[in-house]
Amino acid sequence: MIAAHDAGRVVNPALFRGQVVGAVQMGLGYALSETLPLDTGGQPPHRLRDLRLLPMDHTPPIEVRVIEVPDPLGPYGAKGVGEVGLVPTAAAVAAAFRAYDGRRRTALPLAPVGEGA
(Lines give C-alpha, C1' and ligand atoms only; values in the text may rest on other atoms or scores of the structure.)
Protein backbone atom coordinates (compact mmCIF):
# COMPACT_ATOMS: atom_id res chain seq x y z
CA MET A 1 0.00 0.00 0.00
CA ILE A 2 1.30 3.45 -0.84
CA ALA A 3 0.33 6.49 1.20
CA ALA A 4 1.41 9.87 -0.19
CA HIS A 5 0.74 12.93 1.96
CA ASP A 6 1.55 16.62 1.87
CA ALA A 7 2.70 17.70 5.29
CA GLY A 8 4.31 20.95 4.26
CA ARG A 9 7.90 20.93 5.41
CA VAL A 10 8.51 17.69 7.32
CA VAL A 11 10.44 18.59 10.45
CA ASN A 12 10.70 15.02 11.81
CA PRO A 13 10.60 12.38 9.03
CA ALA A 14 10.45 9.39 11.41
CA LEU A 15 7.52 10.86 13.32
CA PHE A 16 5.76 11.73 10.05
CA ARG A 17 6.19 8.19 8.73
CA GLY A 18 4.99 6.65 12.00
CA GLN A 19 1.91 8.86 12.07
CA VAL A 20 0.95 7.99 8.50
CA VAL A 21 1.58 4.24 8.94
CA GLY A 22 -0.52 4.21 12.11
CA ALA A 23 -3.36 6.08 10.45
CA VAL A 24 -3.36 3.78 7.40
CA GLN A 25 -3.33 0.72 9.71
CA MET A 26 -6.33 2.18 11.54
CA GLY A 27 -8.13 2.90 8.25
CA LEU A 28 -7.52 -0.66 7.04
CA GLY A 29 -8.99 -1.97 10.29
CA TYR A 30 -12.10 0.17 9.83
CA ALA A 31 -12.42 -1.02 6.24
CA LEU A 32 -11.83 -4.73 6.70
CA SER A 33 -12.67 -6.00 10.14
CA GLU A 34 -13.29 -3.65 13.04
CA THR A 35 -16.65 -3.41 14.70
CA LEU A 36 -17.97 -1.70 17.78
CA PRO A 37 -21.03 -3.73 18.70
CA LEU A 38 -23.53 -1.64 20.62
CA ASP A 39 -26.27 -4.24 20.97
CA THR A 40 -25.46 -4.46 24.68
CA GLY A 41 -27.29 -1.27 25.62
CA GLY A 42 -24.40 1.00 24.65
CA GLN A 43 -21.81 -0.84 26.73
CA PRO A 44 -18.62 -1.69 24.85
CA PRO A 45 -17.47 -5.31 24.82
CA HIS A 46 -15.42 -6.52 27.76
CA ARG A 47 -12.76 -8.15 25.58
CA LEU A 48 -10.52 -6.28 23.17
CA ARG A 49 -10.64 -9.16 20.68
CA ASP A 50 -14.38 -8.58 20.27
CA LEU A 51 -13.55 -5.31 18.47
CA ARG A 52 -11.88 -7.35 15.70
CA LEU A 53 -8.89 -5.01 15.40
CA LEU A 54 -6.71 -5.72 12.37
CA PRO A 55 -3.56 -7.54 13.54
CA MET A 56 -0.19 -6.30 12.29
CA ASP A 57 0.52 -9.62 10.57
CA HIS A 58 -2.57 -9.03 8.39
CA THR A 59 -1.39 -5.58 7.32
CA PRO A 60 0.29 -5.15 3.93
CA PRO A 61 3.57 -3.28 3.68
CA ILE A 62 2.89 0.46 3.81
CA GLU A 63 5.15 2.75 1.80
CA VAL A 64 4.98 6.37 2.89
CA ARG A 65 5.76 9.05 0.33
CA VAL A 66 6.34 12.60 1.46
CA ILE A 67 5.08 15.50 -0.63
CA GLU A 68 6.62 18.67 0.72
CA VAL A 69 4.80 21.85 -0.25
CA PRO A 70 5.74 24.35 2.48
CA ASP A 71 2.83 26.20 4.06
CA PRO A 72 3.56 29.94 4.17
CA LEU A 73 1.47 30.26 7.35
CA GLY A 74 2.72 27.17 9.20
CA PRO A 75 5.68 27.17 11.57
CA TYR A 76 8.84 26.53 9.49
CA GLY A 77 6.51 25.75 6.56
CA ALA A 78 5.00 22.71 8.31
CA LYS A 79 1.39 21.54 8.14
CA GLY A 80 -0.37 19.16 10.48
CA VAL A 81 -0.35 15.43 9.88
CA GLY A 82 -2.76 14.15 12.53
CA GLU A 83 -4.86 11.27 11.21
CA VAL A 84 -4.72 12.37 7.58
CA GLY A 85 -3.84 8.83 6.48
CA LEU A 86 -7.02 7.50 8.03
CA VAL A 87 -9.40 9.60 5.95
CA PRO A 88 -8.91 8.09 2.45
CA THR A 89 -7.96 4.53 3.40
CA ALA A 90 -11.37 2.84 3.75
CA ALA A 91 -12.59 4.59 0.60
CA ALA A 92 -9.51 3.37 -1.29
CA VAL A 93 -10.15 -0.21 -0.15
CA ALA A 94 -13.82 0.08 -1.18
CA ALA A 95 -12.74 1.38 -4.60
CA ALA A 96 -10.33 -1.54 -4.98
CA PHE A 97 -13.09 -4.02 -4.13
CA ARG A 98 -15.40 -2.33 -6.64
CA ALA A 99 -12.73 -2.52 -9.34
CA TYR A 100 -12.34 -6.21 -8.51
CA ASP A 101 -15.97 -7.35 -8.50
CA GLY A 102 -18.06 -4.36 -9.63
CA ARG A 103 -20.01 -4.17 -6.33
CA ARG A 104 -20.32 -0.87 -4.46
CA ARG A 105 -19.94 -1.21 -0.70
CA THR A 106 -21.21 1.55 1.57
CA ALA A 107 -21.00 0.19 5.12
CA LEU A 108 -18.01 -0.55 7.33
CA PRO A 109 -16.53 -3.00 7.71
CA LEU A 110 -16.71 -3.73 4.00
CA ALA A 111 -18.31 -7.07 3.20
CA PRO A 112 -15.89 -9.58 1.65
CA VAL A 113 -16.54 -10.87 -1.85
CA GLY A 114 -19.58 -13.11 -1.86
CA GLU A 115 -21.07 -11.72 1.37
CA GLY A 116 -23.80 -9.14 2.09
CA ALA A 117 -23.90 -5.48 1.07
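Residues of the stretch 70-91 that are open to solvent by 80 Å² or more (accessible area, probe 1.4 Å), in contact (Cβ under 8 Å) with a residue 24 or more places away in the chain and over 24 Å from Leu108 (Cα atoms): Pro70, Tyr76. For residues in the stretch 20-69 being more than 13 Å from the chain's Cα centre (by Cα), open to solvent by less than 70 Å² (accessible area, probe 1.4 Å) and under 19 Å from Thr106 (Cα atoms), which is modelled with the lowest pLDDT? That would be Pro37. Entry remark, the stretch 92-106: residues being open to solvent by 60 Å² or more (accessible area, probe 1.4 Å) and not in a helix (DSSP H, G or I) number 3 in total. List pairs: first residue in the stretch 5-25 and more than 22 Å from Pro60 (Cβ to Cβ), second residue among the small types (Gly, Ala, Ser) anywhere in the structure, Cβ distance under 6 angstrom, at least six positions apart or on different chains. What qualifies is Gly8/Gly74; Gly8/Gly77; Gly8/Ala78; Arg9/Gly77; Arg9/Ala78; Val11/Ala78.
The values are calculated or read from the model by the stated rules, or taken from the named source; none is laboratory data. Worth saying up front: this structure is predicted, and the values here are computed from it rather than measured. Quick reminder, even Gly has a Cβ in these numbers, built from the backbone with ideal geometry, and neighbours come from all protein chains shown. Ligands, DNA and RNA are excluded from the accessible area calculation, which covers all protein heavy atoms including side chains. Shrake-Rupley method; radii C 1.70, N 1.55, O 1.52, S 1.80 Å.
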